[in-house]
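The values are calculated or read from the model by the stated rules, or taken from the named source; none is laboratory data. Quick caveat: nothing in here was measured; it's all calculated off a predicted structure. Using ideal geometry, Cβ is built from the backbone for each residue, glycine included, and neighbour counts are taken over all protein chains shown.
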Amino acid sequence: MASQQSDIDGIDCRKEIDRLFDLEYGRHLDALFRFGIIFTVGVVLHYYIDTTLTLWWMAAQVLGHAVHFLFLRTRGETCSRREVMIAGAMFWYLVAAFIWLPAELITSADPALRVGGAAGIGAMLVFLIYRSDRVLTIMLGEIFVIGCAIAWVVFRTIQQVNHPGAIIGTMLAAVGLHVYFTLTMLAHRRVRIEAERAALRSVQAQKMEAIGQLAGGVAHDFNNILTAVIGNLDLYDAMDTDAERLNAVTEAKTAALRAAELVKQLLAYARRTPMQIARRDVSTLLEQLQLLTRRLLPASITQDFEAPNTPLWVALDENQFITALVNLVVNARDAMPNGGTLTVSARPVHLFTDDAQPDGTVLNAGDYAEVTVADTGTGIPPEIIRRVTEPFFTTKAVGQGSGLGLSMVDGFARQSGGLLTIDSSPEGTAMHLLLPIAPTEEIWNDTAQDAQPSEMPPSQTQNRPQSGASRTVPGLRTSQA
């Protein structure tokens, strides 16, 4: 049985309500333009034809949109099919409230009014085709309202003509318009449904591929570790001296510790690692990182740390943040076997609009700290850049990497409410960590608490937003520290 949130056609009613709101009011410039046109046309027509009908038309539009706006914005976290149908019925009213005036004008004897009426009806038809409602009942209601408007135009027109040929021609043209409009609406709905189903099949295939890759990688790595543990324990009884036995135990313990580290990386990728969230200054954390990287980088690699001039406070788990940056630094080091320059920098950025990711997660609008680790290596080939954050994916030689470093960094970023993005070109690679700015100290002291691990399974995070030579985050404006 379908859940309350999905109807018999598999529609997520909450997402459908959000889609309806975005179509009508989500694009602010578009909404302002439409309402500006309605107001301007209403005022001009009021003075041009000297009638109060246009004022009633504007009032009906304002009232209808006010109710429709409030209804869509006040729905709960879950929505029912009934609420979607109510929203659809409200839109039927909006269509009818808008189109009756153009339908009346198109039958006027004034050529200017006829052109205006035709433009109004045409604009509504185009918008309905663009809207392409998923719920068939709502779409049929829209088609019915348009059919009534066309019928009214035909009725008024045939009252003004006497020739049978003109009457028949008018009726055939009206029927043809309505039939073509209906077929176009249904075709667009079918195309949209097929596209949604294809997208779901693609996501499911990616999930299965990721699960298979994850299971295979875990089995391979743990098999190697268990082989080392069991082999050394088997040799324990065959050894003659205490020193040899101690060496076997040490080797077995080392292999077990590698298994523990592998589990930690898997938990970080799955976003199940408990996080001790605290308010920290990025500049201070970068100073700690600089001390650590001195032991990691050879003399052939030049370090360049660019901390912000003013404190940049973020809310995160300090240990996991340092671990994530160390992973990025190690990747950058390995990308520059012949030497180069490693640059670690941080700066505040502002995201003006919510940024929806391909996997359905949303990076909320607001202030972020962007921490960048850049190298001057050979870059990542475009054909594999999308896969570099997948678990166990690595281009390194066997035994030189687990393939969990970047997936752990990506998991940490998302669990912290941020995002990992990648720029890469033949001149080098830049890894960008976007992390939310922490609230002021007073607010933080009142509300700070340990963050809870995300409930989203790792299979839902495979479509990560990566890019090739350039990276674009919509609505992002950078500001220097």
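Across the range 124-179, the number of residues qualifying as surrounded by 14 or more Cβ atoms within 10 Å (Cβ to Cβ) and outside any helix (DSSP H, G or I) comes to 4.
Look through the range 389-428, keep the residues that are aromatic (F, W, Y) and either touching a strand residue (DSSP E or B) at 6+ places or on another chain (Cβ under 7 Å) or more than 16 Å from D334 (Cα to Cα) (or both), and return whichever of them is modelled with the lowest pLDDT.
F392
Just checking, does the range 348-368 include any residue being closer than 30 Å to R19 by Cβ, β-branched (V, I, T), at pLDDT 80 or above and in contact with an Asp or Glu (Cβ under 6 Å, 6 or more places away or on another chain)? Scanning the range 348-368 turns up at least one residue that is closer than 30 Å to R19 by Cβ, β-branched (V, I, T), at pLDDT 80 or above and in contact with an Asp or Glu (Cβ under 6 Å, 6 or more places away or on another chain).
What are the residues in the range 180-189 that are surrounded by 14 or more Cβ atoms within 10 Å (Cβ to Cβ) and not aromatic (F, W, Y), if any? Within the range 180-189, T182, T184, M185, L186, H188, R189 meet the criteria.
State which residue is modelled with the lowest pLDDT when the search covers only the range 429-455 and only residues that are in contact with a helix residue (DSSP H, G or I) (Cβ under 9 Å, 6 or more places away or on another chain) and within 24 Å of P348 (Cβ to Cβ). Talk me through it step by step, then tell me what you get.
In the first step, residues of the range 429-455 are kept if they are in contact with a helix residue (DSSP H, G or I) (Cβ under 9 Å, 6 or more places away or on another chain); the result is 429, 431, 433-435, 438-439, 451, 453-454.
Remaining after also requiring within 24 Å of P348 (Cβ to Cβ): 429, 431, 433-435, 438-439, 451.
Values: T429: 89, M431: 88, L433: 88, L434: 88, L435: 89, A438: 83, P439: 77, A451: 41.
For the range 429-455, the residue satisfying everything is A451.
Table: residues versus (1) of a type in the set (A, V, I, L, M, F, W, C); (2) more than 23 Å from the chain's Cα centre (by Cα); (3) assigned by TED's automatic domain parsing to the domain that holds I121.
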| site | (1), (2), (3) |
| --- | --- |
| T52 | no, yes, yes |
| G64 | no, yes, yes |
| T78 | no, no, yes |
| A103 | yes, yes, yes |
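Within the range 131-143, identify whether any single residue is among the aliphatic types (A, V, I, L, M) and over 35 Å from the mean Cα position of the chain (by Cα), and answer yes or no. No, the conditions are met nowhere in the range 131-143. Would you be able to say whether some residue in the range 90-108 is surrounded by fewer than 13 Cβ atoms within 10 Å (Cβ to Cβ) and either out of contact with any Ser or Thr (no Cβ under 8 Å at 6 or more places or on another chain) or more than 30 Å from I158 (Cβ to Cβ) (or both)? The answer is no, given that none of the residues of the range 90-108 is surrounded by fewer than 13 Cβ atoms within 10 Å (Cβ to Cβ) and either out of contact with any Ser or Thr (no Cβ under 8 Å at 6 or more places or on another chain) or more than 30 Å from I158 (Cβ to Cβ) (or both). In the range 288-341, what residues are acidic (D, E) and over 15 Å from L435 (Cβ atoms)? The answer is D304, E306, D334. Pairing each residue of the range 177-200 that is at pLDDT 85 or above with any residue that is not in a helix (DSSP H, G or I), provided the two are 6+ apart or on different chains, yields C-beta distances under 6 Å for H188/S132; R189/S132. The single condition from (1) at pLDDT 80 or above; (2) touching a helix residue (DSSP H, G or I) at 6+ places or on another chain (Cβ under 6 Å) that I225 fails is (1).
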